[in-house]
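Let me begin by presenting the structure, written as structure tokens, before commenting on it.
The values are calculated or read from the model by the stated rules, or taken from the named source; none is laboratory data. Everything numeric in this text was worked out from a predicted model, so none of it was measured. Reconstructed Cβ throughout: ideal geometry from the backbone, glycine too, with neighbour counts over all protein chains shown. Calculation scope for accessible area: heavy atoms of the full protein, side chains included, ligands and nucleic acids excluded. Shrake-Rupley method; radii C 1.70, N 1.55, O 1.52, S 1.80 Å.
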Amino acid sequence: LDMEFTGLHSTFLQNNEPSLFDSPAERYAKARQSVQRFTLVQLGLAIFSKENSNKYVVHSYNFFLFPSTLGIRDVEFTLSASSIQFLSHYGFDYNKFLKDGIPYMNEVQEKILRQHLLAGTWKVCSTNNADRDVLKKAIDEVTSWITAAKEEDTMILQDLNGYHILEIQLILRQALENVWTEPLGDKKVMVKKVSPEHRQLLENSSYDHCQNKLILLSARGFTNLFQILVKAKKPLVGHNMLMDLMHLHDKFYRPLPESYEEFKRNIHNLFPVIIDTKTVTKSVQKKCLFPRVSSLLEVYAVLCSSNLNPKGPPCPVIALASGCSRYAEKQSPHEAGYDAFLCGSVLLMSAHLLLCRSTDDAVEADPSFSQYLTVLAEHVNKVNFIRGGVSSINFSGEDAPCRHPPALVVHVRGWPGLTERQIYQEFKAQCRFDVRRLSKNQFILLSNKYKQLVLRDYRHHPHLQVSVYRHWRHSPSVNCLLQISGIVALWSLLAFALGGARSC
């Protein structure tokens, strides 16, 4: 699985960027706000099927998605300029996203639509002039034609897209009791003049393409496929897939809950086996002579080209199905279907490599996928956590305790009103630090690795004193406790002294 979004981290919200200070729950709260503001533009799905003893065949699909416009509320979402520019650089087809995007909705939106369909208070959110012009033209054609038409006469409305086909039928049927409509495919709708009695016979029959259940089926769009994936309970594979899982939950299942633990439980119930290739490849890099690469495409290239497994049997053959051969001929990075294909391929090759390294015994020539799952067991349901207090999120149990890298503390003298942002600007040239205020005149700096030069260069700074953070020395809570203890001890000593003086 892979997804592309209209944005990742909202800059509209203050302090919303990922930080090394974040616990998993804090990061979820930040990401939740971003997921609620952005939407999906493309979802890639690659289905790997084992064809014979050592061959997997891949069917890879691209789904352009667009929020359902059939409902009582219009869906709003935000665009991030950098994300849009990034996708444009890789040739993303925004016309296909906007004009032909498959609709989708979550359970809450579907419940609202069902209620309005039953009450007859549905509407399509066609608020732009282009949509209104298309609908007005079609309605004018029918009303001009029907006055002179005879019963059983028909006419064809053409060049209708998406919800136009459904909406024009619902509008015509609501306005005229002596018309019947049927979609013909290829952007056409047939309109027939019928008697009101014949119309009643046709309504809600098997010939009726506007039954409520069919309208719901159409409005749910991709959500129908999502529900099939949930029922299949197959291993779900992604790369750095926390945001993917959050969008899956929010867009196709239910709005994201406030509770981080509830989100984890829901995802685990939907997809009991999740594998993040980022966590897998980090393990491969540690256990094998594997160069440090960052992107999914770079990982795939290394696994394809390197002789990392000279003794064991060769990796399984991964073949793209005939309809997906374009990916075998040309790289298409950041096209969701291609990245989904890379995810599954990287997983199989990594699992095969780990299996060969995990045992001294000879590995059989065609390992089963269950054997791969066994060697991947420590990574199952562990989703990579970028720049935070843990390395991964555990979707089937408790997260590991947060372990932050060594911290620096900055003590400020003679520089009143200094903010976290100003501290960040001051030190960013030295190293990539995350900053958090510790007290009125102290800040903590965190980095995956900081240079000792920072301590040296700021040794004689007139306003900033930098040292290694020591909890017992710098923590406000520890200092407060020590102060209270000191006061209690002083009063105890004074009371003892006064008590002793009276007895004399």
Given the whole protein assembly as supplied and a 1.4 Å probe, what does the accessible area of Leu184 come to in Å², nearest 10?
90 Å²
Take Arg436 and Asn204, extend 7 Å from each Cα along the Cα→Cβ direction, and tell me the distance between the two endpoints in nm.
6.0 nm
Take each uninterrupted DSSP H stretch in the chain, measure its Cα extent along the helix axis, and return the ones at 27 Å or beyond whose mean Kyte-Doolittle hydropathy is at least 0.0.
336-358, 476-503
Violations at 24 Å Cα threshold for listed pairs Lys382/Lys428; Lys282/Lys382; Lys187/Lys251; Lys187/Lys330; Lys96/Lys264; Lys96/Lys193 -> Lys382/Lys428; Lys187/Lys251; Lys187/Lys330; Lys96/Lys264; Lys96/Lys193
Largest first, what is the accessible-area ranking of Asp22, Asp457, Asp399 with a 1.4 Å probe?
Asp457, Asp399, Asp22
Rg and Dmax of the stretch 280-319, Cα atoms, in Å?
10.5, 28
Given a Förster distance of 60 Å, the FRET efficiency implied by the Cβ-Cβ spacing of Tyr424 and Asp100, rounded to the nearest 0.05, works out to 0.90
Relative to 2.2 N^0.38 Å, what does the C-alpha radius of gyration of the chain come to as a ratio? Two decimals please.
1.31
Kirkwood hydrodynamic radius, computed over distinct alpha-carbon pairs, for the stretch 33-91: how many Å, to one decimal?
14.7 Å
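Semi-axes of the equivalent ellipsoid for the stretch 114-220, please: Cα gyration tensor eigenvalues, times 5, square-rooted, ordered largest first, whole Å.
21, 18, 12
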Cα-Cα P(r), the stretch 232-372, percent of pairs per 10 Å interval
10, 36, 34, 17, 3, 0
Return the Cα extents of the stretch 265-339 along principal axes one, two and three, sorted largest first, each rounded to a whole Å.
42, 35, 25
Please work out whether the stretch 149-289 counts as rounded, prolate or oblate from its C-alpha gyration tensor, where a ≥ b ≥ c are the square roots of the eigenvalues and a/c under 1.5 means rounded, while otherwise a/b larger than b/c means prolate and anything else oblate?
prolate
Between Leu216 and Thr359, Cβ-based FRET efficiency (R0 56 Å, step 0.05) works out to 0.60
Using r as the Cβ-Cβ distance of Gln371 and Glu398, and R0 as 25 Å, what FRET efficiency do you calculate, to the nearest 0.05?
0.35
Exposed GluC sites (Glu not before Pro) absent: longest stretch of the chain, with sites in DSSP loops and at most 16 other Cβ within 10 Å deemed exposed:
399-504
Binning at 5 angstrom from zero up to the longest distance, how are the C-alpha pair distances of the stretch 408-469 distributed in percent?
4, 19, 35, 29, 12, 2
Heavy atoms only, probe 1.4 angstrom, no DNA, RNA or ligands counted: give me Lys213, Lys286 ranked by accessible area, highest first.
Lys286, Lys213
Residue-by-residue Karplus 3J(HN,Hα) for the stretch 241-256, coefficients 6.51, -1.76, 1.60, Hz, glycine and proline x:
9, 4, 5, 4, 5, 5, 5, 4, 4, 6, 8, 10, 10, 8, x, 4
